[in-house]
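Visitor: Mind having a look at this structure? Questions to follow.
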Amino acid sequence: PELSYAWIFNEYPTFVHQDNRRFVSQETGNLYIAKVEASDVGNYTCVVTNVVTNSRVLGPPTPLILRNDGVMGEYEPKIEVQFPETVPSAKGTTVKLECFALGK
């Protein structure tokens, strides 16, 4: 891939590190956070890097706020899948498929 994606949390050089709650899709650039906590509140800025030219572009900061009124997250579970119909691969290579479950 010619592009790589990362997210800054609040200010550079604090990048979002992937763990069991945070995931940055290298296909779409999307940041996914499961079970949002108070420590996740802040501004997130997407960083797109062209690995060929080693140039970077930053998106605008996007604030994440924590709601306590129960309005957010009260929806039926759904699975978001964006797989192509076929995924050609060479024998012995690794194939990564992204699937996300959302809701309660």
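Visitor: List the strands (runs of 3 or more DSSP E) inside the stretch 43-104, counting only whole elements, that have at least 3 residues being out of contact with any His (no Cβ under 6 Å at 6 or more places or on another chain) and at pLDDT 75 or above.
Guide: Working: elements: 55-58, 62-64, 78-81, 99-102.
Per the criteria, 55-58, 62-64.
Visitor: With respect to residue 11, is the statement that it is of a type in the set (D, E, K, R), at pLDDT 90 or above and under 25 Å from residue 95 (Cβ atoms) true?
Guide: Criteria not met by residue 11.
The values are calculated or read from the model by the stated rules, or taken from the named source; none is laboratory data. Since the model is a prediction, treat every value here as computed from it, not as a measurement. FYI the Cβ positions are ideal-geometry reconstructions off the backbone, even for glycines, and counts take in every protein chain you see.
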